[in-house]
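Comments concern the structure below.
The values are calculated or read from the model by the stated rules, or taken from the named source; none is laboratory data. Note that the structure is a prediction, hence the values are computed from the model and not measured. Heads up, the Cβs are rebuilt from the backbone with ideal geometry, glycines too, and the neighbour counts pull from every protein chain shown.
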Amino acid sequence: MSTLMELYIAFVKIGFTSFGGMSMVPLILEEMRAHHWMTTEDLTNVIAIAEMTPGPLGINCATFAGERTVGVLGGIVAVTGVLMPAFTLTLLTAICFERFKNNEIFSKILLVLKPICIVLIIVTIAELLGENYFSDGRPDLLACGIGLLMLYLIGKKNWQVPKVIGLSALLGIVCYGIL
């Protein structure tokens, strides 16, 4: 079997057996070592580079690992492999949704799932608010002020999200200093 095919299969396995992000790292390490494609030092460098570059860690790792193993074509093959499970499952879900959207049982399932998803989102927002706007149980007035300003800029002034993120980062650096 060619190295490209082995690389593709390895990353399809990684895509099916992990949930993205850091959960992919041990699987990538195992596959790279098992095939003797990289040394531990190479893998450490790949992970460091993948963490520093924008984008999902799993895709970045696949890109760099594939490129280091076989070159640019290896990077393309590895990314295709790691994305294939998510693509396949999303496609199957879309097909099922289209096929069963008028089904009474499916409609009832969605009726239950929608509020559950909303609650999960609200809980996540509450946790993030607690982490970002409270320090030692007390409100961080500066952080609250920055947050309210950003909410105002998005809601009333129609600023685009990247612009708001950039401004809030700048304000955070100015107000809190660089750690």
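When the stretch 139-160 is filtered for residues that are farther than 21 Å from E127 by Cα, under 25 Å from the mean Cα position of the chain (by Cα) and either assigned by TED's automatic domain parsing to the domain that holds I125 or not aromatic (F, W, Y) (or both), the ones remaining, listed by number, are I154, Q160. Scanning the stretch 123-142 for residues that are surrounded by 14 or more Cβ atoms within 10 Å (Cβ to Cβ) and either touching a residue at least 12 places away in the same chain (Cβ under 8 Å) or among the polar types (S, T, N, Q) (or both) yields Y133, L142.
Could you pull out the residue among V112, V70, V119 that is among the hydrophobic types (A, V, I, L, M, F, W, C) and surrounded by 13 or more Cβ atoms within 10 Å (Cβ to Cβ)? Step through it out loud before you land on a result.
On the way: V112 fails: surrounded by 13 or more Cβ atoms within 10 Å (Cβ to Cβ); V119 fails: surrounded by 13 or more Cβ atoms within 10 Å (Cβ to Cβ).
After applying the criteria, what remains is V70.
Would a scan of the stretch 83-92 turn up a residue that is within 14 Å of L7 (Cα to Cα) and touching a residue at least 40 places away in the same chain (Cβ under 8 Å)? Full working, then the answer.
Of the residues in the stretch 83-92, the ones within 14 Å of L7 (Cα to Cα) are 83-84.
With touching a residue at least 40 places away in the same chain (Cβ under 8 Å) added as a condition, the list becomes 83-84.
Yes - at least one qualifying residue is present in the stretch 83-92.
Quick one: which residue in T124, T88, T69, T93 is among the hydroxyl-bearing types (S, T, Y) and closer than 30 Å to T39 by Cβ? If you could, list the steps in order and put the result at the bottom.
Details: T124 fails: closer than 30 Å to T39 by Cβ; T88 fails: closer than 30 Å to T39 by Cβ; T93 fails: closer than 30 Å to T39 by Cβ.
From the options T124, T88, T69, T93, the qualifying one is T69.
Out of the residues in the stretch 79-109 that are small (G, A, S) and within 17 Å of the chain's Cα centre (by Cα), state the one that is surrounded by the most Cβ atoms within 10 Å (Cβ to Cβ).
From the stretch 79-109, those small (G, A, S) are 81, 86, 94, 107; that's our starting set.
Among the residues that remain, those that are also within 17 Å of the chain's Cα centre (by Cα) are: 81, 86.
Values: G81: 23, A86: 13.
This residue is G81.
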